[in-house]
Amino acid sequence: MDTDKNAHGCYTDNEMKGISTDRFSFEYFIRNDLLYVDKTMYVHDLVSHPERNFFFLSRPRRFGKSLFCSTLHALFDGRKDLFKGLYIAEETDYSFEKYPVIHLDFSKMSLLSEQSVLSAVQKGIIGAAAANGVSIGMDDPSMMLDDLITRAMEKTGKPVVIIIDEFDSPFTSKISRNSGFVEYMRDLFNGIYKTIKADSGYIRFFFITGCVKLANLSIFSAMNNLKDISMDSRFAGAFGYTDDEVERFFREGIDEYLAANPEKYRSREEFIGRIREYYDGYRFSPRSDVRVYNPVSLGSFFSDGCVFDNYWNATGVSTMAVNIAARHDLSGYFENSIMATSEAFSSFDISCAMDPWISESSIVALLYYAGYLTMEYEEDGILYLGFPNREIKTSFASSLLSRYTGKNDFMGLWLAEFRAMCRTGRAEEVCRKLIQYFNAFSYELVGDEPERFYHSVFHAIFVIAGIPAISEDRGLWGRADEAIMAGNHLWIFELKVDGSAAEALKQIEERGYADKYAYLVGDRVKVHKLGISFSSQQRTIVDWKVSEG
C-alpha cells in the first residue's frame, strides 16, 4: 500500500459530495445528494430513437452498469424530479413519459442448484409483476414473463420497457464441468429470450448488460434486432470516468488534497498523472481514443483519503479468469501487447472455459471481459490488448501467484522487506528473499511448468512490489531476462533453468546488457548484475553470482 494519506481525508463534506462505491440505485444517489457523474447524455442517445430500441452492452463488473440500468428505470418510470440539473432534463426536450418497467437483476440470484436457479428467476419475475401492480401465476419463467408483458400492457395501454442487468451472472459465477447444469441454465434463459423476441412488438425499449457476450445464447444468435453497443465509439465513455469527468467532478477533492499536502507533489499535473497511472487506461472501442477510469477504484481512492492502493481486489472481483488463464503460457502478457481478432470476442462461450483445450484466443477474450485486459490499438483488423493500468497489472500478478501458492496475500511483510532490499542494493539478501518466494509455490499447483513460466512469475514479483521492471529487456546484443530500477540501484538479472549461475553472469557481461544504461551509472546509480541458477527439479534458486559496479 502507498501511504499517501492525508489525516484530514481527501475532501470535506463542504467542498465535495459524498462518494458511494457500493450503492447502485440512481434514486439513492440523487436523494442523498451523492456524487453522480452525469451520464444522461448517453441515456438520451439510447432512448430517443424508438426505431432502434433493443440494445446489449458488455462491460467488466464494477463499471457502473447497474447504476446505468437504475437510471434507465427511473427515466422510463417518469421520475423527472430525479433528473433536475442533469443533461437530459436541462439540455433536451425529452418528455419523461411513464412506461411499465420490468427490471431484472440476475447478479442477485442464488445458483446452488437447478432448482435454486429456477426459483430465483421466478422470484425476480414475480417481483417485477408486483412492482407494476399486476398478478401472475407461478409457472415456467418464459410463460411468466409473457404473462407479465401482456398484463402490464393491458393495465397501462403502453408497451413495456425491459431492463436485464448482469444477464450472464448465472453462467460466469457458476463455471462448472457439470455440462448438465450448464445446459439447464442455457435452456432456461434461451426460453426467456425467445419470449422477448416473440413479444418484441410490445416492447418500447430493451436493454441488457453483462460482462460477456455468449455466442450460443438465443438472444444473440436469434435476435437480429439486438444492437450490440459494447464497442460502439459513441458509448466509449458511457461507463467509467473520462479525464474530463475526473477534472469536473473530482476537482475539489484533488485541489484540497494538494493544498493539505503541498510537499507531496511538484505540481497538480504530477498528482493527476499518478492517479491516471493507477486507475485509468480502459479503452472499449477500437474506433475511439477515449479511455476511462474504473469508477469504483477511483471512488474508493478518494473515499480512502487519496491512498494509492489496489481497490480492484477489495471489490470482490472474481479470480476465475486468472485461474483458467494460468493453465497456459502467460510469460509474454506482462510486457508485450497481446493480439486478438474481433471474432475471438463474438464467438466466445463461457461454458467452455473449463475445457482443458481452451484456445489462446478464448483466454484473451476471457481476460478482456473480466477487466484484466483492455484495447490498446487496432491495426489491419487485429486488436492489440494489454493491462490498462498499474492497479490491474498488480492485481493480475497477485492473483496469478496466489493460484500457484494456494495462498491469498501471503507476502505482505515479505514484499516490504524485498522492496527495501532492492532499493538499498543488498544483493545477497535479495537472492535469499527470492528463494523464499519460490519456496512458497505449491508443488502440486505448479506441476511441470516450462522454463518460460519461471521467467513469468519472476517478473510478477517485481510488479506486485511496485518496482519498475522490464522483462526481456532488449539490448544491442540480446535480451536480459529482467532489468529493474529500485531507488538508485539498477539490477540486471539473467536466469538459467538447470544451468549455472556463473554462465548466466558471464552472459550479462559478454552481451553488455547493462551498457544501454551507461548514461545513468556513476555516483548516483549503482549497477548490480545477478546470474541466477534455477533448478526445475527443486523448483527454486540453487545458486547465484553477483557482480557490482
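The values are calculated or read from the model by the stated rules, or taken from the named source; none is laboratory data. Note that the coordinates shown come from a computational prediction; the quantities given were computed from them, not determined experimentally. Cβ placement follows ideal geometry from the backbone for every residue including glycine, while neighbour counts extend to all protein chains displayed. For accessibility, only protein heavy atoms count, side chains too; no ligands or nucleic acids. Shrake-Rupley method; radii C 1.70, N 1.55, O 1.52, S 1.80 Å.
Can you give me the angle between helix 501-510 and the longest principal axis of the chain, using Cα atoms only, in degrees from 0 to 90, rounded to the nearest 10?
The angle comes out at about 90 degrees.
Using amide H atoms built 1.01 Å from N in the peptide plane, name the residues 5+ places from I102, or on other chains, whose amide H lies under 5 Å from its own.
The answer is V161, I162, I163.
Please report, in debye to the nearest 20, how large the charge dipole of the range 474-514 is about its Cα centre when each Lys and Arg carries +1 at its beta carbon and each Asp and Glu carries -1 there.
Its charge dipole is roughly 160 debye.
What ranking, highest mean first, results for peptides 35-46, 499-510 when packing means the other Cβ atoms within 10 Å averaged over each residue?
35-46, 499-510
Nearest 10 degrees, 0 to 90: what angle lies between the long axis of helix 179-198 and the longest principal axis of the chain (Cα atoms)?
Compared with the principal axis, the helix lies near 40 degrees.
Dipole size in debye (nearest 20) for the chain around its Cα centre, Lys and Arg Cβ +1, Asp and Glu Cβ -1?
That gives a dipole near 500 debye.
What does the highest-first list of 389-397, 239-247 look like by mean Cβ count within 10 Å?
Descending packing order for the listed peptides: 389-397, 239-247.
In nm, to one decimal, how far is the R524 label point from the A198 one, both placed 7 Å along Cα→Cβ?
The two pseudo-label positions are separated by 7.4 nm.
When ranked by the protection proxy of mean other Cβ atoms within 10 Å per residue, highest first, what sequence do the peptides 198-207, 60-69, 484-493 form?
Highest to lowest by the protection proxy: 60-69, 484-493, 198-207.
Once both axes come from the Cα atoms, what is the angle between helix 141-156 and the longest principal axis of the chain, in degrees from 0 to 90, rounded to 10?
50
Give the cross-link partners of K213 among the lysines, using a straight C-alpha distance below 25 Å as the criterion and excluding same-chain residues fewer than 8 apart.
Cα-Cα hits under 25 Å: K39, K65, K108, K123, K174, K194, K197, K227, K393.
Kindly report the accessible area of the chain per residue (heavy atoms of protein chains, probe 1.4 Å, no ligands, DNA or RNA), in Å².
43
Got the relative contact order for the chain handy, in percent, Cα pairs under 8 Å and 6 or more residues apart?
Contact order relative to length: 13 percent.
Could you pull the Cα extents of the chain along its three principal axes, largest to smallest, in whole Å?
Reported extents, whole Å, longest axis first: 83, 57, 42.
Grab the eigenvalues of the alpha-carbon gyration tensor for the range 13-152, scale each by 5, take roots, and send me the semi-axes largest first in whole angstrom.
Each semi-axis is √(5λ); the values are 29, 20, 14 Å.
Which stretch or stretches of the range 482-524 have amide N atoms under 15 Å from the point lying 7 Å from T424's Cα along the Cα→Cβ direction?
Flagged as within label range: 487-489.
Within the chain, what whole-number % of the accessible surface is contributed by carbon and sulfur, with the 1.4 Å probe and all protein chains included in the calculation?
47
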